[in-house]
Each structure stands twice: as C-alpha cells, then as structure tokens.
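Q: What follows is a single structure, and I will ask about it in a moment.
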Number of protein chains: 2
Amino acid sequence: MATRSYAIVGTGAVGGFYGARLQKAGLEVHFLVDRDYEVVRTQGLRIDSPNGNFTLPKVNAYHDVHQMPPCDVVIVALKTTQNHILPQLLPPIVKPDGVVLLLQNGFNIEPKIAEIVGEARVMGGLCFICANKIEPGYIQHIDYSDVHLGDYHAQYQPGGISERMIEIAANFKQAEIPVELTEDLMLSRWKKLVWNIPYNGLSVVLNARTDEMMGNPETRVLVKELMQEVVAIASSYNRHLPDDYIQLMLDHTDQMRPYLTSMKLDYDAHRPLELEAIVGNPLQAAIAHGVNVPKITMLYQQLKFLDSRNQTIDK
Amino acid sequence: MATRSYAIVGTGAVGGFYGARLQKAGLEVHFLVDRDYEVVRTQGLRIDSPNGNFTLPKVNAYHDVHQMPPCDVVIVALKTTQNHILPQLLPPIVKPDGVVLLLQNGFNIEPKIAEIVGEARVMGGLCFICANKIEPGYIQHIDYSDVHLGDYHAQYQPGGISERMIEIAANFKQAEIPVELTEDLMLSRWKKLVWNIPYNGLSVVLNARTDEMMGNPETRVLVKELMQEVVAIASSYNRHLPDDYIQLMLDHTDQMRPYLTSMKLDYDAHRPLELEAIVGNPLQAAIAHGVNVPKITMLYQQLKFLDSRNQTIDK
C-alpha cells in the first residue's frame, strides 16, 4: 500500500486535530493555515486530549496553496460558509489521482466540489468529535473523534467500499482515529442531520444548550418533531432510517454533557452560520420532493433573520 | 340614560389611560391599584398624550376590593397572567345588574369570567392603543386609543347590539375614546390575534421589533404564514376574515413606527408572558377542530421554553 500524503485545508479544531494525529502517526501532512499561519509556522500544533496531550513543534504550514505540494488526500475542514473559495484552493493541491475529502456537516455540498475536481475525486466524511480551538495552533480535544467516510457518486448514488476508502481508513486507524466506512454517503449525511438540524438550529434561536432543550417538555417535543421531518425528507430519497433512530439520538443527547453546538459558537462569535449546508440544503431537498416540513421551514426563516442581523452587528 | 359607574381593575397603561379619560369626562371611576397604590392615592394620575396632557390630582384609589363600591362596569385591564385572582376580585365590585368588561388580548378568556359572575354579565373588548406606564401613576399615551366592544355569549355565539353596549359606548365617546361595537366578539378576537400571534410571539423569540421582522424577507414570509394559520383556525369556527385582511395587517405594520410588542416588554422585564391567552388558547382551539397549525405550535413551544427560563432567571 503506497503511503498517502495529506493536505489539511482549514487548520481549526477539526482540521488541526485530525492533521496533527495523522502527522504524529508518521504520515506526510501539509497544513493550509489562514489567520493563525505565523503561530503555526513558528510554534507548530499543540493538542490537549483525554487520549494524551502532544505537541508537534514543527509542521508543514502554508499560507498559499501554490507553495504546497499536490497531495493524495486533501481534507477540507473549513466551515461550509467558506466553500466558495475552494475553486481557487483545491486545483493546485490535489494530485491527478488524488481525492478531496470533505469533513463537513450538511447536505448537498459534494456536488460543488465535483464541479471543481471531478466526481471521481470527491469523498465525504462526517466527524463525531468535540474539540475547540483555544488559541492559534492550540486545540483542546474533549471527546470522541470518530469519522464516517464514503465515496461520493453523482446524485449521492450509493456505491461500494473502494480501495481508496480502505487505504484512507487504514491511515486514520494508524492515527488512532476510529473510522466507519459507508457505502451510502447520503444516508450518513441524513443520519447526522437528524441531530444537527434541531440542536444546531434551536441552540441559536433559543440561545440554549442541549441540556436546556432536553429539560423542557415543550422543546423536547419540538426537537423530536424536527427530527421526524428530517427522517421524512430522507425517506423521500429512499433512505429509511431505523425506527428507533430518533429515540437513540434523544437518549444519546440526554446522556451528553451540556453542550453548545457549533452553530451557536459561530453565532456568539458573530461568524456566519453554516445555515445553507445544515438547514437550507435539506429544506431545498424537501421542497424538490414535495415533502411538507413546516417546522424546518420556520427554523430556517428564523435563522436567516438572526444570521443576517448578527452579521451586521459590530463584532 | 342612567349614569354608569366604573371600576378599573389594574391601573397600568391601559387601565390607567382609559380610567383617567372616563373620569376626566365626568364619570364616576374607582381604581384598584396594586403596587402603585401609595403613589396613585396621594398624587393621582398623570397622562401625557398627543391629544393633550392632563393630570387628575385626585382619584378614587383602592388597594382592597372590599373598600370599593359595587360598580356598573368593571373594566379588567390586568395582564391575563393575573386572571387567576379574578374570582377573589370581581364578586364584591360588580353590581347585580353590572357587567365585567375584559379589556385584554387573547382567546377564550371570557368563559372563566362567566364562571365567576355569570354569562349575562360578561363583555369583551380589544384595545388598539400604544401606551406605556413610565412611572407609577404616570402614563405616556403614544398613539391610537380605539376600543372594540361586544357582549359575550356562551361559546362566543354572536348576538346583537345590546342597550348596555350602546350606553357604554356613549360613555367612552364622551371620554373621547373611539369605540366600535361588535355583534361577534369571537370574530373581533380572531382579527386581533392575526396580528398578535406572529408579532408578539416572534418579537420574543427573535428579540426583534416589528420593523426588523418586516425588513427581512424570510421573517416577512413567516409572519404571513403564521397569520394564515390564525385565519385557518378562525375559519374552522365559521369566522371568515376578508380575503385582503392579512395584506391589510402587513401594510399597516409596514407603516407603523418601529414597535416593541407588549409580550416583548413583558419578557424583557422578566414578567410572565401572556402566552396562554394569546397563543396557547388559540392553539387549543385549533387542536379541538383538527386544524393543522405547525408554525403556531412551534412558536408556542419556543415561547414556553423562553418564558419558563425567563421566570427562573434573577430579576
């Protein structure tokens, strides 16, 4: 098995954590860094983690994709709100037989990437991780680090388990990152959206942590109803989630420590919300199939209002 | 026409304003005052208004209903969240042939009053007024002062224009309060709820003024969709609002000065929200008739969460 080289586009909590783990496991990793470039270039990366703290005093840090070598696997760990810059970033850094792996939340984000690098070179992944960037180059890993990976095929058609999926998974496992491979990336995306849409959305609208939403009987029902709408959209795309899946998500959230969602953290920092990827695109998917989702619609309308106002307030 | 005596239960902005106007017009008025009793007893009432400022240095102020004389018309101008105390307050102050006039927002609040004083002695009214209590006994009237009045009949059955409606209207007109009489109190309540449910509800959930909601295309649509749900509930009760009524409300709101709703003011002051009267009871009315109102439901769920948390936060 040839050794694969990795590029990390977006060295925040997610990109920084996974990239650092891959480098620590002996793989060749190149980090594209935006605001934190000077710090990461001179001081490297520091990871605090319940699985062991470590520091990488020297990493390959870049501020310009044209200085980077083309890589086998380009991991995109930007917020989806930054995806409009990918047409400039990706072409120089993906090898001809390389692949772009989107480690991002949301729905229908792969097609745009396929337009840039071609359908055959797109993979999607979902991260189940609690991690925060505390300072430039300094990431606090709190819990979980699982990644679900799959090849993207046109219109999210399911496919098999490819050789490259197995090889990338092997690299991740070498880096102590638990991996699950999916033959059906769309199903994986819907599964994650069942959690992401209600909790991310309501956390912003209601200024609330997960435990607060679960602790109030009215919002508990609302969370469940929003999940049911997501399940209904998925069904209309022939992705049928297990009957107990919603209950599983609710139970899981009950057991989580009080948690502020990533969308809420973005909101509080006056960053643009990942609203289109996480709520808008699923809503469009519902509309395209004539699925009635009034509560997701209302959530989207409320978030659009709040996001828009939040961007015009002094930061 | 016999001169009617008036009791005002709740001397806030609404009760204080209308009571003061009635007294100024020469009518006998008795004010039940809660927290502001000492100030109102010693200093009377002061009204600033575009129609002319005036002061009533001496008013009949009471802190205890048992000190008050029974009156012909008992105007209830409390927040509906206080209506649970009315079984104690009303019986001593309504004359045997007197009437209780509820100047409150919401739906299905009259039946409880009918249980206290009997169906034949209940009237409902809706105020179209912008006024704030600035200090104890000091009310700033900003705009409008119209009142729509009607007799209550069991299950909101429509009735005619009664003698007492005409006489009370005459007193109000004498006090320069524009009055409209309604034969169908339920229709009047639904009409007001078309405005109140979306704007009051969303103003709290989105922390927004009316002009902000109208200025954003997404919330503008959401307001309209909530109005459509209110119209649908009304229709299921055979109250058919004019086709252009929603557009009329939207246009009217576009022309209003930026406005913080009363529910928002209550929320910001950590007072309990008039949630059941304004949203919960209409929602129950929808459920009773099998009308699907997902957006009003979601609004109610969100407001219940916010109201509950708002009451547990230090004031």
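Q: Here are some conditions: (1) more than 17 Å from A:C130 (Cβ to Cβ); (2) buried (at least 19 other Cβ atoms within 10 Å of the Cβ); (3) out of contact with any Pro (no Cβ under 7 Å at 6 or more places or on another chain); (4) touching a residue at least 12 places away in the same chain (Cβ under 8 Å). A:I177 meets all but one. Which one does it not meet?
A: Of the numbered conditions (1) more than 17 Å from A:C130 (Cβ to Cβ); (2) buried (at least 19 other Cβ atoms within 10 Å of the Cβ); (3) out of contact with any Pro (no Cβ under 7 Å at 6 or more places or on another chain); (4) touching a residue at least 12 places away in the same chain (Cβ under 8 Å), the odd one out for A:I177 is (1).
Q: Please verify whether B:A277 is of a type in the set (A, V, I, L, M, F, W, C), away from chain A (no Cβ under 11 Å) and in contact with a Gly (Cβ under 9 Å, 6 or more places away or on another chain), treating the condition exactly as stated.
A: Answer is yes for this residue.
Q: Would it be correct to say that B:I166 is at pLDDT 95 or above, assigned to a helix (DSSP H, G or I), in the same structural domain as B:G16 (by TED's automatic domain parsing) and β-branched (V, I, T)? Show your work before the answer.
A: Values: at pLDDT 95 or above: yes; assigned to a helix (DSSP H, G or I): yes; in the same structural domain as B:G16 (by TED's automatic domain parsing): yes; β-branched (V, I, T): yes.
It is true that B:I166 is at pLDDT 95 or above, assigned to a helix (DSSP H, G or I), in the same structural domain as B:G16 (by TED's automatic domain parsing) and β-branched (V, I, T).
Q: Okay, next question. Among the listed residues B:Q140, B:Q104, identify the single one that is among the polar types (S, T, N, Q), over 26 Å from B:V230 (Cα atoms) and touching a residue at least 24 places away in the same chain (Cβ under 8 Å).
A: B:Q140 is the lone residue from the list that is among the polar types (S, T, N, Q), over 26 Å from B:V230 (Cα atoms) and touching a residue at least 24 places away in the same chain (Cβ under 8 Å).
Q: While we're here: Can you tell me which condition A:G10 does not meet? The list is (1) at negative phi; (2) out of contact with any Pro (no Cβ under 7 Å at 6 or more places or on another chain); (3) touching a residue at least 60 places away in the same chain (Cβ under 8 Å), and all the others hold.
A: Among (1) at negative phi; (2) out of contact with any Pro (no Cβ under 7 Å at 6 or more places or on another chain); (3) touching a residue at least 60 places away in the same chain (Cβ under 8 Å), the lone unmet condition for A:G10 is (1).
Q: Let me ask something else about it. Going through A:P242, A:P282, A:P258 one at a time, which residue ends up being more than 13 Å from chain B (Cβ to nearest Cβ) and free of Cβ contacts under 8 Å to residues at least 24 places away in the same chain?
A: Checking each option against the conditions leaves just A:P242.
Q: Separate question: Test B:Q301 against the stated conditions and say whether it is farther than 22 Å from B:D184 by Cβ, more than 18 Å from the chain's Cα centre (by Cα) and not assigned by TED's automatic domain parsing to the domain that holds B:T81. Please lay out each step first, then the result.
A: Details: farther than 22 Å from B:D184 by Cβ: yes; more than 18 Å from the chain's Cα centre (by Cα): yes; not assigned by TED's automatic domain parsing to the domain that holds B:T81: yes.
Considered against the rule, which asks whether it is farther than 22 Å from B:D184 by Cβ, more than 18 Å from the chain's Cα centre (by Cα) and not assigned by TED's automatic domain parsing to the domain that holds B:T81, B:Q301 comes out as yes.
Q: May I pose another question? Can you tell me how many residues in segment B:195-229 are part of a helix (DSSP H, G or I), at the interface with chain A (Cβ under 9 Å from one of its Cβ atoms), aliphatic (A, V, I, L, M) and buried (at least 18 other Cβ atoms within 10 Å of the Cβ)?
A: Adding up the residues that qualify gives 5.
Q: Taking interchain pairs and intrachain pairs at least six residues apart, which have beta carbon atoms under 9 angstrom, with the first residue in segment A:289-312 and surrounded by fewer than 17 Cβ atoms within 10 Å (Cβ to Cβ) and the second part of a helix (DSSP H, G or I) and of a type in the set (S, T, Y)?
A: Short answer, once both residue conditions are applied: A:H289/A:S236; A:G290/A:S236.
Q: Filter segment B:156-186 down to the residues that are among the charged types (D, E, K, R) and within 30 Å of B:S236 (Cβ to Cβ) and list them by number.
A: B:E180, B:E183, B:D184, listed by residue number.
Q: Check whether at least one residue in segment B:66-87 is surrounded by 15 or more Cβ atoms within 10 Å (Cβ to Cβ), free of Cβ contacts under 8 Å to residues at least 60 places away in the same chain, of a type in the set (D, E, K, R) and assigned by TED's automatic domain parsing to the domain that holds B:H153, and report yes or no.
A: No, segment B:66-87 contains no residue that is surrounded by 15 or more Cβ atoms within 10 Å (Cβ to Cβ), free of Cβ contacts under 8 Å to residues at least 60 places away in the same chain, of a type in the set (D, E, K, R) and assigned by TED's automatic domain parsing to the domain that holds B:H153.
Q: Here's another thing I want to ask about it. Across segment B:107-128, what is the number of residues that are closer than 14 Å to B:M186 by Cβ and of a type in the set (F, W, Y)?
A: 1
Q: Do you know which of the residues in segment A:300-315 that are touching a Leu at 6+ places or on another chain (Cβ under 7 Å) and among the aliphatic types (A, V, I, L, M) is farthest from the other protein chains (Cβ to nearest Cβ)?
A: By that ranking, first place goes to A:L303.
Q: Take A:V59 and decide whether it is closer than 21 Å to A:Y152 by Cα and in contact with a strand residue (DSSP E or B) (Cβ under 7 Å, 6 or more places away or on another chain).
A: Judged against the criteria, A:V59 is not a match.
Q: Determine whether segment B:186-200 contains at least one residue that is among the charged types (D, E, K, R) and over 16 Å from the mean Cα position of the chain (by Cα).
A: For segment B:186-200, residues among the charged types (D, E, K, R) and over 16 Å from the mean Cα position of the chain (by Cα): absent.
Q: Being crowded, with 22+ Cβ neighbours inside 10 Å, within 14 Å of chain A (Cβ to nearest Cβ) and under 16 Å from the mean Cα position of the chain (by Cα) is the requirement here; does B:G150 meet it?
A: Criteria not met by B:G150.
Q: Counting only residues that are among the hydrophobic types (A, V, I, L, M, F, W, C), part of a strand (DSSP E or B) and within 22 Å of B:T182 (Cβ to Cβ), how many does segment B:132-157 have? Working first, answer last.
A: Here is the first cut: in segment B:132-157, the residues among the hydrophobic types (A, V, I, L, M, F, W, C) are B:134, B:139, B:142, B:147, B:149, B:154.
Next cut, part of a strand (DSSP E or B) only: B:134, B:139, B:142, B:147, B:149.
Next, from what is left, pick out any that are within 22 Å of B:T182 (Cβ to Cβ): B:147, B:149.
Adding up the residues that qualify gives 2.
Q: Which one of the conditions (1) more than 30 Å from A:M256 (Cα to Cα); (2) in contact with a Pro (Cβ under 9 Å, 6 or more places away or on another chain) does A:E163 fail to meet, given that it meets all the rest?
A: (2) is the only condition that A:E163 fails.
Q: Of everything in segment A:13-71, what is part of a helix (DSSP H, G or I) and within 23 Å of A:Q174 (Cα to Cα)? Give them in sequence order. Give the steps one after another, and end with the answer.
A: Taking segment A:13-71 first, the residues part of a helix (DSSP H, G or I) are A:13-24, A:37-43, A:65-67.
Matches in segment A:13-71: A:A13, A:V14, A:G15, A:G16, A:F17, A:Y18, A:G19, A:A20, A:R21, A:L22, A:Q23, A:K24.
Q: Taking B:T253 as the residue in question, decide whether it is buried (at least 16 other Cβ atoms within 10 Å of the Cβ), more than 13 Å from chain A (Cβ to nearest Cβ) and not in a loop (DSSP other than H, G, I, E, B).
A: yes
Q: So, B:D244, is that one among the acidic types (D, E), at pLDDT 95 or above and either buried (at least 21 other Cβ atoms within 10 Å of the Cβ) or over 22 Å from the mean Cα position of the chain (by Cα) (or both) or not?
A: Answer is yes for this residue.
Q: For segment A:19-38, name all the residues that are buried (at least 17 other Cβ atoms within 10 Å of the Cβ) and either within 17 Å of A:Y62 (Cβ to Cβ) or of a type in the set (A, V, I, L, M, F, W, C) (or both).
A: Answer for segment A:19-38, where residues must be buried (at least 17 other Cβ atoms within 10 Å of the Cβ) and either within 17 Å of A:Y62 (Cβ to Cβ) or of a type in the set (A, V, I, L, M, F, W, C) (or both): A:G19, A:A20, A:L22, A:Q23, A:L27, A:V29, A:H30, A:F31, A:L32, A:V33, A:D36, A:Y37.
Q: For residues in segment A:266-279 being in a helix (DSSP H, G or I) and in contact (Cβ under 8 Å) with a residue 24 or more places away in the chain, which is surrounded by the fewest Cβ atoms within 10 Å (Cβ to Cβ)?
A: It comes out as A:D266.
Q: Restricting the search to segment A:117-126, which residues are in contact with a His (Cβ under 8 Å, 6 or more places away or on another chain) and part of a strand (DSSP E or B)?
A: A:G125, A:L126
Q: Return a yes/no flag: does segment A:64-87 have any residue that is aliphatic (A, V, I, L, M) and in contact with a Cys (Cβ under 9 Å, 6 or more places away or on another chain).
A: yes
Q: Within segment B:194-209, is even one residue under 30 Å from B:P57 (Cβ atoms), without any contact (Cβ under 8 Å) to a residue 60 or more places away in the chain and of a type outside the set (D, E, K, R)?
A: no
Q: Could you identify the single residue in A:Q311, A:Q284, A:Q301 that is modelled with pLDDT of 95 or more and more than 20 Å from A:A234 (Cα to Cα)?
A: None of the others qualify; the one that does is A:Q301.
Q: Additional query: Check off (1) in a loop (DSSP other than H, G, I, E, B); (2) among the hydroxyl-bearing types (S, T, Y); (3) modelled with pLDDT of 95 or more for B:Y6 and give me the number that stays unchecked.
A: It fails just one condition, (1).
The values are calculated or read from the model by the stated rules, or taken from the named source; none is laboratory data. Predicted, not measured: the structure shown is a model, and the values here were computed from it. Cβ coordinates were reconstructed from backbone atoms using ideal geometry, including for glycine residues, and neighbour counts include every protein chain displayed.
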